[in-house]
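The values are calculated or read from the model by the stated rules, or taken from the named source; none is laboratory data. Predicted model only: the values in this text are computed from it and were never measured. Cβ placement follows ideal geometry from the backbone for every residue including glycine, while neighbour counts extend to all protein chains displayed. We work out accessible area using only protein heavy atoms, side chains counted, and drop any ligands, DNA or RNA first. Shrake-Rupley method; radii C 1.70, N 1.55, O 1.52, S 1.80 Å.
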Amino acid sequence: MNAKERVMAVLNHQKPDRMPCFCANSTVTYEQMEKVQAFWPSGHEKGEDMAKQALAAYTVVGFDAVRVPFCQTFEAEALGCGVKSGGTEGIPGIAHPSPYTLNDTPVFPNDFLSRGRIPELLKAVRILKKELKDEVLIIGGIIGPFTIAGALVDTVPLLKASFKTPEKMRPFLEMGQKAGNMLAKALIEAGADMISCEDMTASPDLIAPKTYRDYEMDYQTAQFEGIRVPKILHICGNVDGIVAWMGQTGAEILSLEPKASAQLAREKCGPDIILMGGVDTATTLFMKDVATVKAGSEESIADGIQMLAPGCAVAPGTPMENLLAMLEVAKAH
Amino acid sequence: MKILSDFSNIFKRYDIDLEKVGQAKQISKDPILQSIAKFVVEGDEDGISPAVDEALKTKTPLDIINDALIAGMNEVSRLWEEGVYFLPQVILSSDAMNIGIAKCEKAMGKSMERKGKVVTHTAEGDIHDIGQVIVNALLNANGFEVINLGADVPVDKVVAACKEHRPVMVTGTALMTTTMTAFPKIAHQLKAVGLDIPFICGGGAVCEEYVTSFDLGVYGKEASQAPGMAEDALTGEKWSAMRGKWNG
Ligand code: B12
Ligand SMILES: [Zn+2]
């Protein structure tokens, strides 16, 4: 089986030759950058270097999928947010101040797909498609409505509004929904085989589960609507309190951190949902050793994980041997 | 009794099997102070201002601060720790409390007396300041003066603020593996200038092992530990002793 067939087998509820191993989020590390001779910040900005760095997930590490982009700022930038470069070592973030306040009426730009670095992102996907000849899965990343809304009005005001004036969040959630949906469709047209949505601000670490259910869930569902490839939904932290609703958004795959229970996700979402996840990316994959990574990965699999993955985005300083240790565990299953 | 025409709402409410139910306790027997505390517990930033103005006619500013505003915030911390309240509510309550405290301080013509200063910051290059916002709120609610340096603060600025303010302790929050590396640098510089104060480091990216690998470092797992740690520092407890007490 090639890498893509392996992942698709799990999605079709068939038995793969071994457990797939890849990530819903970025897996770029400094070591991989050296190996492929493509660096940051250019990997966040230029299609060619972005593609080179994404390829490393397959050619250097041996994962079953590659993924672009490596930060969470593409939609926000195209919608008017400033971006603060992370330089050669860091990940770009949203600059302050945010372009809107909650009392504003945001306007969706007609030329959304040609704004900011989106053209470079699409270029990267086209390069990957050519290089990988359909043997390795290409994942296109989008950002969830709540997280985009947080970039547009700033996270703390949005959190306050979630209790005080939740209706004021709607125009911004709608912007986020539309942006992610449009970007997903463009990524698929460019060659993406799967869409991964990161919605870090919708974590129960930050918002109440009822905010997810009463607001975010509908926008997330709408964002996934009309997307004909398999979709991953990734929300950071312990999502036990919302996992049942995550399973109703139309995502075929849920990507979980080890803080969340895969067993509970299975109970709440039923037999069809595919669960991916694995060890904590900061406290284990980055900080600890091969033995700890292996033990943690086995634990996740025992909990019901079907596709082994870093629990969230890989920290760029993560040692290669720890990524390889994860892959080794997947190969033994 | 109100007649319900739409039952969908009721059903919606009861499927949250994972949300805990709980209730705020009564905070003061005095009805005026209780009503002020309620604005804090409910995080009502708009309501609290006129209510404090009204209360100032019959109560001293200090009683309002201690027995209503701060007492209300302590109740909010309790509800948050028990999982009844969520992060946005803690932020709203803290803002309401601060509005109330500012009113009372204006009425007193001076700042309320504080136990001691604590410098707080989020690491250079890191904009994840929500953990710090909570730490600030809880320290404030426990009578400490918070020197809030905000997010994305350069190492030198943290050290300079400690030199200037001579706090009982300093805190750092980092959620990224790329930014937590500022902590040992800060600790090193603080030592170099003879400021042997506890440096409490917390935030998603750091763990006990990392923070206790450099001098001055004490690991803060939960924001709710911050006031207790500050109390210890206030009594002159050294970072090494605090490490023994708060860390494994
Ligand atoms: C919300 C969030 C954001 C918001 C931040 C809003 C804000 N104003 O803070 C936004 C959307 C802006 C954002 C942006 C980014 N984020 Co972000 N984000 C998160 C998220 C989902 C939650 C963090 C959070 O606020 N948690 C809740 C607070 C309360 O937790 P906390 O700060 O850890 O505090 C607790 C304890 O640690 C402790 N504590 C903290 N400080 C202290 C201090 C003391 C004294 C004590 C006693 C205790 C204590 O108390 C608190 C609980 O009681 C996390 C994932 C996750 N679930 O953790 C990712 C995460 C932190 N983000 C991440 C990344 C990569 C980014 C970006 C680079 C992504 C991007 N390209 O946009 C940018 C960062 C830009 C920059 N330069 O900083 C990564 C970091 C990876 C790593 N470990 O290196 C994470 C872990 C997600 C991931 N794995 O990819 N993010
Ligand atoms: Zn995550």
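Quick notes on this structure:
- Counted residues, region A:28-45 - those being in a loop (DSSP other than H, G, I, E, B), away from chain B (no Cβ under 14 Å) and either within 16 Å of ligand 2 (Cβ to nearest atom) or open to solvent by less than 70 Å² (accessible area, probe 1.4 Å) (or both): 1
- There is at least one residue in region A:81-93 that is within 11 Å of ligand 1 (Cβ to nearest atom), open to solvent by less than 40 Å² (accessible area, probe 1.4 Å) and within 17 Å of the chain's Cα centre (by Cα).
- In region B:159-170, the count of residues that are closer than 19 Å to B:Ala223 by Cα, of a type outside the set (A, V, I, L, M, F, W, C) and not assigned by TED's automatic domain parsing to the domain that holds B:Asp67 is one or more.
- Subset of region A:207-240 (residues that are open to solvent by 20 Å² or more (accessible area, probe 1.4 Å) and within 14 Å of chain B (Cβ to nearest Cβ)): A:Lys210, A:Arg213, A:Asp214, A:Tyr215, A:Met217, A:Asp218, A:Cys236, A:Asn238, A:Asp240
- Candidates in region A:133-154 are the residues that are more than 21 Å from A:Phe108 (Cβ to Cβ) and either open to solvent by 10 Å² or more (accessible area, probe 1.4 Å) or among the charged types (D, E, K, R) (or both); of these, the one that is nearest to the other protein chains (Cβ to nearest Cβ) is A:Glu135.
- Residue list for region A:275-323, filter: more than 21 Å from the chain's Cα centre (by Cα) and either within 12 Å of ligand 1 (Cβ to nearest atom) or of a type in the set (Lys, Arg) (or both): A:Met287, A:Lys288, A:Lys294
- Failed item in (1) within 16 Å of ligand 2 (Cβ to nearest atom); (2) of a type outside the set (Val, Ile, Thr); (3) at pLDDT 95 or above, with B:Asp215 passing the rest: (1)
- Test: residue in region A:189-200 that is touching a strand residue (DSSP E or B) at 6+ places or on another chain (Cβ under 6 Å), more than 16 Å from ligand 2 (Cβ to nearest atom), of a type in the set (Asp, Glu) and in contact (Cβ under 8 Å) with a residue 40 or more places away in the chain: yes
Residue-by-condition table, conditions (1) touching an Asp or Glu at 6+ places or on another chain (Cβ under 9 Å); (2) within 20 Å of A:Glu328 (Cα to Cα):
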{"position": "A:Gln32", "(1), (2)": "no, yes"}
{"position": "A:Trp40", "(1), (2)": "yes, no"}
{"position": "A:Glu45", "(1), (2)": "yes, no"}
{"position": "A:Phe70", "(1), (2)": "no, no"}
{"position": "A:Tyr100", "(1), (2)": "yes, no"}
{"position": "A:Asn103", "(1), (2)": "no, no"}
{"position": "A:Asp111", "(1), (2)": "no, no"}
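- When region A:48-69 is filtered for residues that are open to solvent by 10 Å² or more (accessible area, probe 1.4 Å) and within 16 Å of ligand 1 (Cβ to nearest atom), only A:Arg67 remains.
- Residue, nearest to ligand 2 (Cβ to nearest atom), within region A:234-250, restricted to residues that are outside any loop (DSSP other than H, G, I, E, B) and of a type outside the set (A, V, I, L, M): A:His234
- The criterion of at least 2 residues that are farther than 30 Å from A:Ile94 by Cα, more than 16 Å from the chain's Cα centre (by Cα) and not aromatic (Phe, Trp, Tyr) is met by the following helices (runs of 4 or more DSSP H) wholly inside region B:54-137: B:61-64, B:87-108.
- Any hit, region A:226-233, residues being within 13 Å of ligand 2 (Cβ to nearest atom), at pLDDT 95 or above and closer than 30 Å to B:Ile134 by Cβ: yes
- Within region A:103-113, not a single residue is away from every other protein chain (no Cβ under 14 Å) and within 16 Å of ligand 1 (Cβ to nearest atom).
- In region A:295-311, the condition of being in contact (Cβ under 8 Å) with a residue 40 or more places away in the chain, surrounded by 22 or more Cβ atoms within 10 Å (Cβ to Cβ), of a type in the set (Ser, Thr, Tyr) and farther than 24 Å from A:Ala38 by Cα is met by at least one residue.
- Entry remark, region B:205-240: residues being touching a Ser or Thr at 6+ places or on another chain (Cβ under 8 Å) and of a type outside the set (Phe, Trp, Tyr) number 6 in total.
- Residue under evaluation B:Lys106, criteria (1) free of Cβ contacts under 8 Å to residues at least 24 places away in the same chain; (2) within 14 Å of another protein chain (Cβ to nearest Cβ), criterion not met: (2)
- Some residue of region A:143-159 being touching a residue at least 24 places away in the same chain (Cβ under 8 Å), in contact with an Asp or Glu (Cβ under 9 Å, 6 or more places away or on another chain) and away from ligand 1 (no atom under 16 Å from the Cβ): no
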